[in-house]
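Visitor: Dropping a structure here in structure tokens format, bear with me for questions.
The values are calculated or read from the model by the stated rules, or taken from the named source; none is laboratory data. Being a predicted model, the structure only gives us computed values, none of them experimental. Reconstructed Cβ throughout: ideal geometry from the backbone, glycine too, with neighbour counts over all protein chains shown.
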Amino acid sequence: VRAVWLREFGAPASLRVETVPDPVAAPGQVLIGVEFAGITWIETMFRGSGFGPFPAPPMIPGNGVGGTVLAAGSATDEHLVGKRVVAGTGGSGGYAERVVVDAGQVIEVPAGVALDDATALLADGRTALMIMEAAGVRAGDRVLVEAAAGGVGSLLVQLAHAAGAEVVAAAGAARKLEVARGLGARTTVDYGDLGWTETVRAAVGGVDVVLDGVGGAVAEAAFELLGPGGRMISFGFSGGAGWPDVPDEVAAQRGIRVQRGVFGPAEEQIRRTGEALALAAEGRLRPVIGQRFPLEQASLAHAAMEDRATVGKTLLTCGVPD
Ligand SMILES: NC(=O)c1ccc[n+]([C@@H]2O[C@H](COP(=O)([O-])OP(=O)(O)OC[C@H]3O[C@@H](n4cnc5c(N)ncnc54)[C@H](OP(=O)(O)O)[C@@H]3O)[C@@H](O)[C@H]2O)c1
């Protein structure tokens with residue numbers, strides 16, 4: 001079968017397809033015929049710089065897949081064979097036509113949810129739900145979502161809107177703002193524009209919640225929009241400048257709660273993905289799959305994400321050709 005290898009850290013072109021022996025499920029594992037592999041932002045960071053909780057190269061990147069269970073390593077997991085599933089891979093192996101994962105990672109895709117949508121929700125859905133809980137978003141809150149048309153951002157816009165919040169979407173291009181408006185954002189702003197926070201102030205006053213996946217100067221400016229009782233959840237720094245420089249003392253003096261990172265044990269992550277899939281099945285959460293690349297174009301997929309050229313989720317299509 002074919003898989004994408006990262007043999008050393010570097011530019012997107014470091015990702016190359018090679019043929020590998022068919023993986024075999026050991027006891028406690030299942031073999032998945034992968035149809036879609038999700039790409040998350042941190043995988044691009046890891047590829048370029050080694051930042052991220054993944055095994056060192058040489059390795060096959062990819063932390064989440066959707067597909068069909070082809071075989072089980074233990075008789076107790078035989079009932080999974082033939083099921084449509086999504087699964088975390090444990091940090092590597094996802095960009096491949098087949099992957100073995102721990103059977104405990106496997107989540108059945110509910111009827112009515114397409115496999116590509118389920119794969120798009122696997123990581124981003126649980127992350128967005130954990131962020132929403134951390135922020136304690138309530139009806140009437142003014143919620144600023146950064147990178148609002150991104151994988152996680154596009155879900156946050158929907159969840160905050162559904163919670164009765166007034167969503168302010170911030171992103172880096174007009175077409176992205178349009179996507180966010182379509183998902184429920186009432187106010188949109190390009191944070192590449194000078195004085196963008198003044199635009200937000202003029203539209204909604206300040207904000208009650210900042211959901212920050214960009215970090216750096218964007219997040220520091222967004223923090224200034226918060227007043228007493230405000231909450232700022234930073235969950236990543238795709239802007240490349242790290243966590244925002246928001247001293248805890250300053251936040252405390254101003255009555256603002258700041259949280260860096262959203263973490264949860266493996267069981268909670270699986271439970272949260274299940275919740276996201278259930279919301280999708282009820283038609284209450286819709287992943288935005290902005291682009292799909294065949295496995296052999298994983299390098300182009302990473303390049304597009306780094307160039308800020310993507311909207312919503314980016315998937316690799318991995319099916320074994322007949
Ligand atoms: N996916 C997950 O499950 C997960 C889990 C935990 C944490 N996170 C964090 O959540 C954030 C979003 O992750 P994602 O996977 O959903 O990615 P994403 O939002 O789909 O893509 C990253 C976005 O960041 C924005 N951005 C701002 N400055 C940028 C720069 N200098 N270079 C590139 N992009 C820049 C871009 O949107 P604009 O052009 O609109 O600015 C870009 O589209 C990341 O910080 C990630 O580490 C994600």
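Visitor: Kindly indicate the residue of the stretch 307-322 that is of a type in the set (A, V, I, L, M, F, W, C) and outside any loop (DSSP other than H, G, I, E, B) and also farthest from the chain's Cα centre (by Cα) among those meeting that condition.
Guide: 316
Visitor: Since residue 230 meets every condition but one in (1) surrounded by fewer than 16 Cβ atoms within 10 Å (Cβ to Cβ); (2) away from the ligand (no atom under 13 Å from the Cβ); (3) of a type outside the set (A, V, I, L, M, F, W, C), which condition does it not meet?
Guide: Result: residue 230 passes all but (1).
Visitor: With the condition being in contact (Cβ under 8 Å) with a residue 40 or more places away in the chain, I'd like the helices (runs of 4 or more DSSP H) fully within the stretch 188-306 carrying at least 2 qualifying residues.
Guide: Fully inside the stretch 188-306 and qualifying: 196-204, 216-223, 266-281, 298-306.
Visitor: Return the residue satisfying two criteria in turn: it lies in the stretch 9-44 and is without any contact (Cβ under 8 Å) to a residue 40 or more places away in the chain and out of contact with any helix residue (DSSP H, G or I) (no Cβ under 9 Å at 6 or more places or on another chain), and of such residues it is farthest from residue 152 (Cα to Cα).
Guide: This residue is 21.
Visitor: Moving to a separate point now. Given the condition away from the ligand (no atom under 16 Å from the Cβ) and among the basic types (Lys, Arg), answer yes or no: does some residue in the stretch 38-48 qualify?
Guide: The answer is no, given that none of the residues of the stretch 38-48 is away from the ligand (no atom under 16 Å from the Cβ) and among the basic types (Lys, Arg).
Visitor: Got a number for residues in the stretch 49-61 being within 17 Å of residue 13 (Cβ to Cβ) and either in contact with a helix residue (DSSP H, G or I) (Cβ under 8 Å, 6 or more places away or on another chain) or at pLDDT below 95 (or both)?
Guide: Result for the stretch 49-61: 1.
Visitor: Taking residue 126 as the residue in question, decide whether it is surrounded by fewer than 20 Cβ atoms within 10 Å (Cβ to Cβ) and of a type in the set (Lys, Arg).
Guide: In short, no.
Visitor: Something else about it: Scan the stretch 127-139 and give yes if some residue there is touching a His at 6+ places or on another chain (Cβ under 6 Å) and either charged (D, E, K, R) or modelled with pLDDT of 95 or more (or both), otherwise no.
Guide: no
Visitor: Determine whether residue 236 is within 9 Å of the ligand (Cβ to nearest atom), modelled with pLDDT of 95 or more and surrounded by 13 or more Cβ atoms within 10 Å (Cβ to Cβ).
Guide: In short, yes.
Visitor: Restricting to strands (runs of 3 or more DSSP E) lying wholly in the stretch 73-185: which have 3 or more residues that are near the ligand (Cβ under 10 Å from one of its atoms)?
Guide: Once the strands (runs of 3 or more DSSP E) in the stretch 73-185 are filtered for at least 3 residues that are near the ligand (Cβ under 10 Å from one of its atoms), what remains is 166-171.
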